[in-house]
1. Under unit Cβ charges (Lys, Arg +1; Asp, Glu -1), what dipole magnitude, rounded to 20 debye, does the chain have relative to its Cα centre?
2. Just going by the charge dipole of the stretch 308-454, with Lys and Arg at +1 and Asp and Glu at -1 on Cβ, which of ILE340, ALA398, LEU427 is farthest out on the positive end?
3. Given the -39500 (n - 2.57) contribution per DSSP H run of 4+ residues, what per-residue ellipticity at 222 nm results for the chain, rounded to the nearest 500 deg cm²/dmol?
4. Sort 59-67, 272-280, 319-327, 112-120 for me by packing, meaning the mean count of neighbouring Cβ atoms within 10 Å per residue, highest on top.
5. Quote the relative contact order of the chain in percent (integer), defining contacts as alpha-carbon pairs under 8 Å separated by 6+ residues.
6. What is the Cα coordinate range of the chain on the first, second and third principal axes, sorted by size from largest, in whole angstrom?
7. How far is helix 500-515 tilted off the main Cα axis of the chain, in degrees rounded to 10, range 0 to 90?
8. Can you report the principal axis dimensions of the stretch 216-274 using only the alpha carbons, biggest first, rounded to whole angstrom?
Amino acid sequence: MTFTVHGQAVSRGVAIGRAVIVTSSRVDVAHYFIQPDQTAREIERLCQARQAVVQDIERTQAHVQAMDAAIAPPELLALLDVHLMLLQDEQLDQSVRQWIEERHYNAEWALTAQLEVVARQFDEMDDPYLRERKADVEQVVERMLRILQGNASTVMPTAVDPQAKALAHREDPLVLVAHDLSPADMLQFKQSVFAGFVTDVGGKTSHTAIVARSMDIPAVVGARTASQWVRQDDWVIIDGDAGVVLVNPSPAILDEYAVKQRSGERERERLSRLKHTPSVTTDGQRIELLANIEQPADAAAALKAGAVGVGLFRTEFLFMGRNGQLPNEDEQYRAYVATIEGMQGMPVTIRTVDVGADKPLDRPMVRVGEEHLNPALGLRAIRWCLAEPAMFLVQLRALLRAAAHGQVNVLVPMLAHASEIHQTLGLLQRAREELDAQGTVYGPIRLGAMIEVPAAALTVPLFLKHFDFLSIGTNDLIQYTLAIDRADETVSHLYDPLHPAVLRLIADVIAQGKAQGKSVSVCGEMAGDVAMTRLLLGLGLRSFSMHPSQILSVKQQILRSDAQRLSVWANSVLEADDPVSLMND
Ligand code: PEP
Ligand code: MG
């Protein structure tokens, strides 16, 4: 049956592929294709894992049977029987093998793919006793996965490009469908096989969406119940421009979207010719186009898009997916130096760690029992850093050391209070003194503040006094000005970059920075949205930082713009009660 699901358009383009349904808890299972001649080895890994679990259960059974009959729990024996039965189920075994033999999935992926199919069958059962057996299948599969992970495949994951891989193996491209994915999960998928993805939850500027945009694959978030309706292996079209997901489309619709997909590719090819064109408006204003990145390897995409530096390196991604272990000073130093070298002498703006809210660490950030209802208003970003000064000093020392290798700008997120500014400056001084005491080499940095809390936007002179530059984080500035959780799809219709209050704050910060001769950039998603380029230029913005994939489209818009004329128009937008109505003037 063909049906359509609507969500938030977060990453442009069209992806067409077969659905892979993944639950968040199993996202860290390795997903890769094996070569056809590696099938037997992969099935062998599966058999070994199953055998190991069977033996383990049989040992437990023997142990329970040897217990005094009075204390041996009979339910446990019955449960172990059920688990053994499931492990020996021929049909389950056959189906898992099929994913390996026909689709060339690795063993872990094949197992979880079949688990999703079986779990749905259980969910649809009328009998509550049978429905609950789903938990048993899940337990058995989890045990096998643990064994498989301890017996990692010697098979190397194949190339990353999904289209190229699909062609090489004559396989269909795959799209990921999940209820939710954390930003850390998403980062893992950067190296994966998926051509696009859909999640039930999330807003346009949630961090999951931001990482998707940086991957430059079509994506839709906030698609509500998509993961319940789409089935494993369904054909899916993701229209990342319209925020629409079409499931099991007719051949005519498939053809139509294939045409759209090709025309998107041609448009990108055309834009790529602008890479070396200087970014200058028709009236001669030079505009700085910088890249937002999440990891050192992203420097390559930044260079490819013609960025003149990194305007935002979100270092928190170095802190995620590490089972709660934080990166030490040397690890961080190496990551920062790799980025500086990757940018070949261009300036690199590195933001101090911004965990919390929708980017939690994978270890508790607060004590058990002290979880907070509103993490976006809680211990996040600089607040967490100041609460954990030893951790913060590690990062500051690593940044200062890296600055000996090139121009480093250090950017501090979420500042609102003078006391936070003073504490940050104090810790930076202490980090320098510690390096001096060790005789460790370090370099000069420029220090910047993110303006992303309305309180900061309303006290810009304080920030200009202490910092060399400002960067406006519009994602949070909008969230906190309008009291809209940026990750909550149920209020996403109220998340409005064009709200007069938001525009006034942005305009004031730009104007005050300019008056003091200090550079102001925008590094939130607004900077990469071509629909906002003219307005930001008109408000006086001369430095934009965005995902590398957005740079050339924004440059194209800049090349067609007259900044002088736009400033007159932008002033009228600023004065309007309904700025949207003037946007196409
Ligand atoms: C912002 O808030 O606009 C920003 C760039 O920071 P982040 O999206 O990482 O919160
Ligand atoms: Mg922010």
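The values are calculated or read from the model by the stated rules, or taken from the named source; none is laboratory data. Just so it is clear, the structure is predicted and the values come from calculations on it, not from any experiment. Ideal geometry is used to build each Cβ from the backbone, glycine not excepted, and the neighbour counts take in all protein chains shown. Ligands, DNA and RNA are stripped out before the accessible areas are found, and what is left, the full protein with its side chains, is counted by its heavy atoms. Shrake-Rupley method; radii C 1.70, N 1.55, O 1.52, S 1.80 Å.
1. In total the dipole reaches around 2400 debye.
2. Sorting the options by dipole projection puts first ILE340.
3. -14500 deg cm²/dmol
4. By packing density, highest mean first, the sequence is 112-120, 319-327, 272-280, 59-67.
5. 15 percent
6. The principal-axis extents, from largest down, are 82, 65, 43 Å.
7. It is inclined by approximately 50 degrees.
8. Each principal axis gives a Cα extent; for the stretch 216-274 these are 42, 26, 18 Å.
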